[in-house]
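Please read the structure below before turning to the comments.
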Amino acid sequence: MKRNLFYLLPLLLTLGVACSPKSDVTPIPQPQGNFKGVFAAVVKKTGNAGYDTIRDTNFRVALTASSRFVVQAETPHHVASFGAFAYNGIYIQFADSSTLASGNGAKFHLKGVYQYGYDGNNFQLLRRNDTGTSDTIAVQYALKKY
């Protein structure tokens with residue numbers, strides 16, 4: 001009898017944990033609201049003689065509950081734009097719908113796939129170019145909700 005209970009105990013424990021109302025899964029909050037902060041990029045200098053850091057401190061973007069975004073203020077290195085975004089727990093993708101999105105231009109656009117972190121107040125984006133096909137090495141946004 002003790003032997004049968006010994007084999008039945010792991011099954012009962014598994015069922016008890018599986019039927020427990022407590023869940024460890026935390027839903028990923030959708031980034032939404034108005035954010036402002038710093039845009040920065042590392043780019044190769046002309047002639048591949050080192051790197052330059054580009055930094056704009058007045059970057060602003062609005063993200064809506066309907067998964068739309070608007071870059072609200074054009075900065076010296078970043079163009080104002082709008083479009084849609086999609087996210088999961090690690091990556092966020094921006095699809096720029098503005099007319100400037102098709103041109104390469106000298107200014108940056110919020111488009112493509114970024115790694116991101118969002119805690120309800122701080123919103124950080126990072127994209128690295130590991131392919132070596134562009135003069136841009138990394139693009140980073142460090143934003144706070146306002």
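Observations, loosely collected:
- Less than 5 angstrom separates the built amide H of Asp135 from none of the residues sequence-distant by 5 or more or on a different chain.
- Amide H partners (placed H, <5 Å) of Asp96, local residues excluded: Gly112
- Taking Arg68, Arg55, Arg60 and ordering them by how much accessible surface each has at a 1.4 Å probe, largest first, produces Arg55, Arg68, Arg60.
- For Ile28, Ile92, the ranking by accessible surface with the largest value first comes to Ile28, Ile92, using a 1.4 Å probe.
- Between Asp135 and Asn88, the FRET efficiency estimated from the beta carbon spacing at R0 = 25 angstrom works out to 0.30.
The values are calculated or read from the model by the stated rules, or taken from the named source; none is laboratory data. No experiment lies behind these values; they were computed from the predicted model shown. For neighbour counting, all protein chains shown are included, and Cβ atoms are generated from backbone atoms with ideal geometry for every residue, glycine included. Heads up: the accessible areas ignore ligands, DNA and RNA and are worked out on the full protein's heavy atoms, side chains in. Shrake-Rupley method; radii C 1.70, N 1.55, O 1.52, S 1.80 Å.
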